[in-house]
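For reference, the structure discussed in these notes is given below.
Just so it is clear, none of the values below were taken in a lab; they were calculated from the coordinates. All figures in this text were calculated on a predicted structure; none of them were measured in a lab. All Cβ positions, even for glycine, are placed from backbone atoms using ideal geometry, and neighbour counts span all protein chains on display.
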């Protein structure tokens with residue numbers, strides 16, 4: 001689960017490389033960074049919530 005926190009970092013690195021390779025300034029690609037962080041935060045929060053909900057089931061078995 002802890003490796004999922006690397007997802008936004010890797011996606012931002014790939015987005016930065018894409019912007020540099022296509023000659024787009026970082027200021028223009030800012031919206032992409034916002035989308036990456038928002039979607040990644042949603043995925044991480046959802047998975048964390050699911051782990052929290054199912055944590056009690058592991059103790060009972």
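Descriptive notes on the structure:
- Among residues that are part of a helix (DSSP H, G or I) and surrounded by 10 or more Cβ atoms within 10 Å (Cβ to Cβ), residue 48 is included.
- Counted residues, segment 1-44 - those being part of a loop (DSSP other than H, G, I, E, B) and either in contact with a helix residue (DSSP H, G or I) (Cβ under 9 Å, 6 or more places away or on another chain) or closer than 30 Å to residue 55 by Cβ (or both): 6
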